[in-house]
Amino acid sequence: MRKELFKHEVTILKDTFGRLLRRRAQTNLIKLIKKTHPADLAIVFRYFNDDEQTQVFGLMQSNDHTIEFLVELDDTLIQKILNIKSAKRVANLIQNASTNDQSYILGFLQEEQAQSVIDLLNKEEKEEIEEIMGYPEDSAGSMMATEVFTLYQNTTCGDALKTLQDQQDAEMVFYLYVTDEDESLVGIASLRALATTQADILLKDIMEKRVHSVRPETDQEDVAQIVAQYNYLAVPVIDSDNRLLGIVTVDDVVDVIREEATEDFLQMAGAGKDREILLKSSWENAKVRLPWLFASWIGGIVAAYIIGKYEHMLESIIALAAFIPVIIGMGGNIGTQSSTIVVRGMATGRIEIGNEIQVLLKELKVGLMLGSLYGIMLGIFANFRFISTDPMLGLVVGLSICSSMLLAAGVGTFTPLILRKLDIDPAVATGPFVTTSVDILGVLLYFMIAGLLLTI
């Protein structure tokens, strides 16, 4: 019900914008832009043509509302609308944004244009942005907020509350980050603890000394795992001297989790890792998918070669050909299921070094149970459908599908585990290898079993 209501609201909003754009009612458009939530505006913006997008963005003012809109916007659209704007216009747009939002937006500009924008900012902002953009892409340093609220450890809770009330620039004060005389991070205190403690108590007496922190070079996936595991609202980023550089907040982590999950699923499906795949041209989509499909094509060629080798068997018992698709299909399906479960388990930390054998054995049991069930059913069907054929056909088909599904479950589980050992991203290489190998091995097993049990 809520989903349908949201779609209805988006439709109304889209129609309203369209009507005002056709009338070129700039005053009303500006009012509507201000009233529309940035996230909703980003959704509606996708439906505009190039001219309409230029008109709407040109009416946006240099404020937090516009920055939030850009952060919510699809990567491809950000790049398109900003690269045609002057450096001065972009600098005006981001001048009041947080440092991490500034660096995020500048990352979509061409190098020369980005540098021109940076040169127009004040010295302090310029230094902070250059520092953040100097960190590796998709690292904690590249996504951290540098405007962090800190307090000295000997500050009383009463003074801390007064200081907190005067804070305006700090990025989402979830925790109080407590430092010593060397400005090193020594602990954190929650707002709840601060509010419920007597005013004369020192921060060092209520702070949590065990702090989960990360270095600026830490991969964003590792940061996301810490947030998910400990239910943190923010994670501090420190340098080698334990000095606080910034924080990564939960809203950024949610985006990371969504992006990484999307990339993994796209790569496993052989559709690349570009989250904006729907906005790419047909030619770009085709280029991305070609290598993965080529691997499947090779597998099909090899499978066809194997079938050709057993041509005499098919000529003797033509009924064997009827079950080739189901043998290949069932094996491929359970292999894909197992590999997806394992890759997801590794991404979430559920599958760690040491429990791989248990995972493999579990999936093999699943493959055996499902293979036995479908083997019995398919074997019975084969004997009834081809009653005049060799009575062993049912047993051949049943054993083949059971063996194929058992083998596929093992391959689907084992492959990502081995790839991780070799420092190869399982999300990238698992799909092509599993589908290709399962098709080949499934056909080979089928004809080997048939050759052993059938009278030809």
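Since every read-out is calculated from the coordinates, none of them should be taken as a lab result. Computed from a predicted model, the values in this text were never measured in an experiment. Counting neighbours? That spans all protein chains shown, and the Cβs are built from the backbone with ideal geometry, glycine included.
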### Task
Express in whole angstrom the spacing between the alpha-carbon centres of the stretch 105-129 and the stretch 181-207.
36
#### Entry: Within the chain, helix-based [θ] at 222 nm, where runs of 4 or more DSSP H residues each add -39,500 (n - 2.57), nearest 500
-21000 deg cm²/dmol
### Task
Determine which aspartates and glutamates satisfy two conditions relative to LYS209: a Cα distance under 18 Å, and not lying fewer than 8 residues away in the same chain.
ASP180, GLU181, ASP182, GLU183, ASP239, ASP241
### Message
Explain nothing, just the number: dipole magnitude of the stretch 150-250 about its Cα centre with +1 on each Lys and Arg Cβ and -1 on each Asp and Glu Cβ, in debye rounded to the nearest 20.
### Response
420
### Query
Which whole-number percent is the relative contact order of the stretch 150-250 (Cα, under 8 Å, 6+ apart)?
25
### Task
Please give the contour-minus-distance gain from TYR47 to GLU147: 0.36 nm per residue of separation, less the Cα-Cα distance, rounded to one decimal in nm.
32.5 nm
### Query
Which entry in (i) 59, 25, 22; (ii) 44, 36, 20; (iii) 55, 31, 19 matches semi-axes √(5λ) of the Cα gyration tensor in Å derived from the coordinates of this structure?
(iii)
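How big is the charge dipole of the stretch 22-155 about its Cα centre, in debye rounded to the nearest 20, if each Lys and Arg gets +1 on its Cβ and each Asp and Glu gets -1 on its Cβ?
1060
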### Task
Mind checking which aspartates and glutamates have their Cα closer than 13 Å to the Cα of LYS287? Skip sequence neighbours fewer than 8 apart in that chain.
ASP274
### Message
If I model a spin label as a point 7 Å beyond the Cα along the Cα-Cβ vector, how far apart are those points for GLU131 and ASP239 in nm?
### Response
0.7
### Task
Among the listed pairs LYS162/LYS204; LYS88/LYS126; LYS14/LYS35; LYS85/LYS123, give every one whose C-alpha distance is greater than 21 Å.
LYS85/LYS123
## Note on the structure
Honestly the stretch 70-115 on the Cα gyration tensor test (a ≥ b ≥ c root eigenvalues; a/c under 1.5 rounded, otherwise a/b vs b/c for prolate or oblate) is just rounded
### Query
If you average the sequence gap of Cα pairs under 8 Å that are 6 or more apart and divide by the length of the chain, what percent do you get for the contact order?
11
### Summary
Using alpha-carbon positions, the gyration tensor of the stretch 281-453 gives root eigenvalues a ≥ b ≥ c; with a/c under 1.5 called rounded, otherwise prolate if a/b exceeds b/c, else oblate, the class is oblate
### Message
Going by Cα centres, the stretch 395-409 and the stretch 64-81 are how many Å apart?
### Response
52
